[in-house]
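This report refers to the structure that appears directly beneath it.
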Amino acid sequence: MWEGFAQQAPGLFLVFTRLSGLIVTAPLFSYRNVPILLKMAFASLLAAILFPYAMPPSTAEFLSLSYFLQVLEELALGLALGFVASLSLQAIYLAGQLMDVPMGFGMVNILDPQLGVQVPIMARFYNIVAILVFLGVNGHHMVLMALMRSFELLPIGQVSWGPGVVMALVRGFAWMFVLGVKIALPIMGAIFLTDIALGVIARSVPQMNVFLVGFPVKIGVGLFLLVFVVPTYVRVIAQLFSEGGDMLSHLWEFIGSLKG
């Protein structure tokens with residue numbers, strides 16, 4: 001029994017390495033409030049489950065230089081897959097940050113326990129909404145299914161890191177910024193019109209302290225519009241994370257760019 005395990009251990013460790021890389025960067029799995037031991041146990045359990053499905057070919061000699069390079073390649077692939085899967089959540093996070101400054105929340109930060117840093121209020125709010133929708137549409141299941149399919153489309157040791165990989169990442173970044181601006185645009189546009197109205201009032205009534213009045217007015221306008229646009233945002237985010245949505249399409253595009 002131990003001889004059979006020793007023969008399969010190098011391949012099992014390569015599967016575990018790809019899974020560990022994804023858990024480090026994938027949405028939900030990578031958050032700091034998830035204990036590291038739990039992440040390692042989850043990666044080990046998934047590796048044991050997926051190992052018969054992955055069926056890694058005979059690997060290089062254990063602890064050799066070529067085997068070490070294979071480990072690095074699988075780790076890089078897992079990190080890249082998780083990062084591409086997280087672009088959707090990053091776009092929503094960006095939208096919240098873009099809304100904070102015009103609404104007057106640019107200097108008001110709260111602690112994000114998931115990232116361990118200070119973040120603006122609206123960015124945190126949109127991030128929480130996106131996570132709830134992500135769980136509601138079983139987005140975490142889709143990420144794991146995409147990872148399982150990656151072993152079929154990208155067998156261990158058969159990954160091609162060509163120029164197409166860079167272009168796929170660039171398109172993913174561009175899509176993330178465009179989506180973030182689109183989500184934030186309604187409230188940003190309303191605040192811009194509010195600034196114009198306040199400017200007209202300042203010219204018409206010079207005695208009024210527009211700076212004193214402007215902050216609560218813009219915050220009120222932003223929060224008032226938020227009540228009406230959040231249901232639409234929830235539907236957009238649900239479509240984003242659903243099967244056939246943009247998150248999976250970018251994952252498949254990235255996986256396709258890695259095929260030799």
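We did not get these values from a lab; they are worked out from the coordinates using the rules stated. What you are looking at is a predicted structure, and each value in this text was computed from that prediction instead of being measured. Every residue, glycine as well, gets a Cβ built from its backbone with ideal geometry; the counts of neighbours run over all protein chains shown.
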*asked:* Connecting C-alpha atoms closer than 10 Å in a GNM of the chain, tell me which of MET142, MET122, MET167 has the biggest fluctuation.
replied: MET167
*Taking a temperature of 4 °C and a viscosity of 1.567 mPa s, what whole-number D in µm²/s does Stokes-Einstein yield for the chain with Rh from Kirkwood over alpha carbon pairs?*
63 µm²/s
*Using a Gaussian network model of the chain whose springs link C-alpha atoms within less than 10 Å, name the residue from PHE224, PHE16, PHE211 with the highest mean-square fluctuation.*
PHE211
*Give me the angle, in degrees from 0 to 90, between the Cα long axis of helix 163-204 and the longest principal axis of the Cα atoms of the chain, rounded to the nearest 10.*
10 degrees
*How far, in degrees from 0 to 90, does helix 210-241 lean away from the longest principal axis of the Cα atoms of the chain, to the nearest 10?*
30 degrees
*For n ≥ 4 DSSP H runs only, could you compute -39500 (n - 2.57) per run for the chain, divide by its residues and tell me the 222 nm figure to the nearest 500?*
-27000 deg cm²/dmol
*Describe numerically, in nm with one decimal, the distance between label points set 7 Å from Cα along Cα→Cβ at GLU253 and at MET208.*
4.6 nm
*Considering Cα pairs under 8 angstrom that are at least six residues apart, work out the relative contact order of the chain and quote it in whole percent.*
25 percent
*Calculate one ³J(HN,Hα) per residue across region 38-44 by plugging θ = phi - 60° into the Karplus curve 6.51 cos²θ - 1.76 cosθ + 1.60, and present them in order as whole Hz with x for glycine and proline.*
5, 4, 5, 5, 5, 5, 5
_Rounded to 10°, Cα long-axis angle of helix 139-153 versus longest principal axis of the chain_ = 40 degrees
*Pop the C-beta distance of ALA197 and VAL24 into the FRET formula with R0 = 51 Å and round what comes out to the nearest 0.05.*
0.60
*Please build a GNM for the chain, connecting alpha carbons under 10 Å apart, and tell me which residue among PRO52, PRO186, PRO120 fluctuates the most.*
PRO52
